[in-house]
Amino acid sequence: MLKYILTRLLSGILTVYFIATVTFAAMHLVPGDPITGNKATSPEIRANLERKYGLDRPVLVQYGIYLKNMVNGDFGISFTQQNRSVNDIIRSHFPISATLGIASILFATFGGIFFGALTGISRKKIYDRSIMFGVILAISVPSFVFAAVSQFFMTELNQKAGTTLLPVGGWGGLSHMILPAIVLGLGTLAFLTRLMRSSLLEVVNQDYIRTARAKGLSPTRIFFSHQLRNAVLPVITVLGPAIAAITTGGFVVESVFAIPGLGRYFVQAVQQLDYTVIMGLTVFYGAFLVFMVITVDIAYGLIDPRIKVSARSA
Amino acid sequence: MNSTDKPILEVRDLKVEFDTYGGTVQAVRGVHFALAKGKTLAIVGESGCGKSVTVQSLMGLIPSPPGRITSGSVRLNGREILGLSPKEANQVRGKQIGMIFQDPMTSLNPTMTLGRQITETIRVHDGVSDAEARKRAIELLEQVQIPEARTRVDQYPFQFSGGMRQRVMIAMSIACNPEILIADEPTTALDVTIQAQILDLLKTIQRDRRMSMILITHDLGVVARMADDVAVMYAGQIVEYGGVQQIFHRSAHPYTVGLRSAMPQNDEAQSKMLKPIEGSPPDLFDPPKGCAYFDRCPHAMKVCAARNPPLWDVQEDHLSRCWIHHKFATSSTEVFRSNRMGQEWEIQK
């Protein structure tokens, strides 16, 4: 198990290195640079700025400095926000994005498993039909539409109630989180519902379920101790990519709900070609996702005994 | 049917249907049999003849829908067990009747330790403590001859071979001391040497615990080795029923005779070309009005197409569903009788 984790971590580090290199290359291939902005800059100022940020040196040297700083955990200073370091941006805004992300991942995962199980075991067609209709809706409609629509209805509701039941924007307590977390998790929830449903329908017809019935176990017991665990396995495998989907989806939802998360800075940085911020945030997000995928794989090993041992013998 | 002992299980006129897109399949069309205490009844027949459906409906394991038990009665120690409430049925399953299945590779839950799978049955039925159930699980594993039962009990199915898994299935099915063990083709998925071991194990356990057993198989070799009584099934009905000696040495139904000539012999002197039964079983969406074996039977008569024969008493406790036992049947019966005499002679030699 330890060997498995170490191998996975090593390959994860390699992945992050590639992400860093590709981002760096992409930044320098894109026409324009952060200094060419709205204001006209005289050649002297330009040369000064280039010296300050090290842009006057050969690309390979810049690459070397960039890697060296990154290893030391320093992503540099923003070009456009005066003297603000990328690390500082991450430190103050990532916790907000992460909280929102975790809330919506939890909502999507448990909701997906719950609704999937409901459609999978319910003998009544009406539940199945209506949930599957909702699933298709949630998968096809983009999150910014849901964001706007939910804001609209919530505002109406708040007006009807004469008080703020749930705020439709900004960031503060738990109440600020509910609406954006639901909107952000909805697509993933729908996807997981479908996965859980088909997985459960497959498990229900397995021979070992017949064995469990032949042992005289009650349906509830069969469901919880035999069907659920086996049906959840495929759901856990896609949690890695699902986390990625929610994290990236967060950029849009954060801007609609005016949440001061990392996503907003990312979008801003791309618009202004803020080299250091783009590279820093990309590498940071990349590393975060790689880490999450590894965590999910390890969790998978804990739930499915077959994975653990094959990894040990490998 | 053994009239001397009071049977532990009595099945009468069991009929099972399945609704499919193609129509309704009449999988079991009126099956009667009785199981005596401590005896083994083998149900033999080719694929699709309704053997498994018969026993699964005794256990209430027919998925419904699409399955439907349309008539019949199943009495366990005189008590009707068809149409019990789900809760009552759960007290019969696993406690009074244990069951093992054909494919041990897929019949165990892959993500649960074997110990938990065994103790689960014990705890549900006997309400003992976790520790006590575990102790019993280890004992059971030892009884089915799993080495190092103490460590193996915490392992998962994928760490076991097919034969070992079938042993675990046996341990699980006998965990609550059932009176009846149903083995649905327990050795079909195993290789030949393992088959013999599993059959021996079943036999030992049955003898030690004085269990009754229903053994489903399409292997006449297994029947000869294990059974006291035999029911030969064809197209959802029992066509011949009798003691194992009677079925093998005095086969009364042309289908049984056909099965026997299609069976390979070990003895070189007797080994001849195997004779397959030509044709295929009838369509159970629309079963024939007459005898279901009519199209394939070498002794078919006019009456066979028109009416389904009843079960005749050929001898005491030996029944056969064929018109040739009727006293008016003559010409083809002669052929059949001589055919049978020849076989008996071969066996006696």
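Helix A:228-237 and the longest principal axis of the Cα set of chain A meet at an angle near 20°.
Judged by the mean number of other Cβ atoms found within 10 Å, the most tightly packed of the peptides A:86-92, B:83-89 leads the ranking A:86-92, B:83-89.
Using a 1.4 Å probe on the protein chains only, how many percent of the accessible area of chain B belongs to carbon and sulfur? Using a 1.4 Å probe with all protein chains present, chain B comes out at 51 percent carbon and sulfur. Would you mind classifying the range A:196-238 by shape? Square roots of the alpha carbon gyration tensor eigenvalues, ordered a ≥ b ≥ c; an a/c under 1.5 is rounded, otherwise it is prolate if a/b is larger than b/c and oblate if not. The shape class here is prolate. Think of the range A:86-286 as having a plus end and a minus end, set by charges on the Cβ of Lys, Arg, Asp and Glu; of A:THR237, A:GLY187, A:MET279, A:THR237 sits farthest toward the positive end of this dipole.
In chain B, the longest principal axis of the Cα atoms and the axis of helix B:162-173 are about 80 degrees apart. In this structure the range A:176-314 gives 38 Å² per residue of accessible area when probed at 1.4 Å with all protein chains present. About its Cα centre, the range A:86-286 has a charge dipole of approximately 1060 debye under the convention of +1 per Lys or Arg Cβ and -1 per Asp or Glu Cβ, with nothing else charged.
Derived value for chain B: Kirkwood hydrodynamic radius 21.4 Å. Basis is the mean of 1/r over every pair of different alpha-carbon atoms. Sort chain A into rounded, prolate or oblate with this rule: let a ≥ b ≥ c be the square roots of the eigenvalues of the Cα gyration tensor; rounded if a/c is under 1.5, and if a/c is not under 1.5, prolate when a/b is larger than b/c, oblate otherwise. Oblate, since a/c reaches 1.5 and b/c is not below a/b.
In this label model, A:ILE178 and A:PHE152 are separated by 2.1 nm, measuring between points 7 Å along each Cα→Cβ vector.
Rounded to two decimals, what is Rg over Rh for the range B:29-127 when you use alpha-carbon atoms and the Kirkwood radius? Result: Rg/Rh = 0.97. Prolate is the label for the protein assembly as shown, because a/c, from the alpha-carbon gyration tensor with a ≥ b ≥ c as root eigenvalues, is 1.5 or above and a/b exceeds b/c.
Rounded to the nearest 20 debye, the dipole size of the range A:1-152 about its Cα centre is 520 debye, using +1 on the Cβ of Lys and Arg and -1 on the Cβ of Asp and Glu. Across peptide A:221-231, the average count of Cβ atoms from other chains found within 10 Å of a residue's Cβ is 2. Exposed loop sites are taken as chymotrypsin sites (Phe, Trp or Tyr not before Pro) in a DSSP loop (any state but H, G, I, E or B) with at most 16 other beta carbon atoms within 10 Å; the longest stretch of chain B without one runs B:22-284. Note that chain B presents 46 Å² accessible area per residue, ligands and nucleic acids not counted, probe 1.4 Å.
Computed on the range A:86-286, with alpha-carbon pairs under 8 angstrom and 6+ residues apart, the relative contact order is 33 percent.
Extending 7 Å from the Cα toward the beta-carbon at both A:TYR63 and A:ILE13 defines two label points whose distance is 2.1 nm.
Annotation for the A:B interface, with buried accessible surface near 2200 Å², both sides summed [1.4 Å probe; non-protein components not counted].
The values are calculated or read from the model by the stated rules, or taken from the named source; none is laboratory data. This is a predicted model, so every value here is computed, not measured. A quick note on method: Cβ atoms are made from the backbone with ideal geometry, for glycine too, and the neighbour counts reach across all protein chains shown. Areas reflect the complete protein model, heavy atoms only, side chains present, ligands, DNA and RNA absent. Shrake-Rupley method; radii C 1.70, N 1.55, O 1.52, S 1.80 Å.
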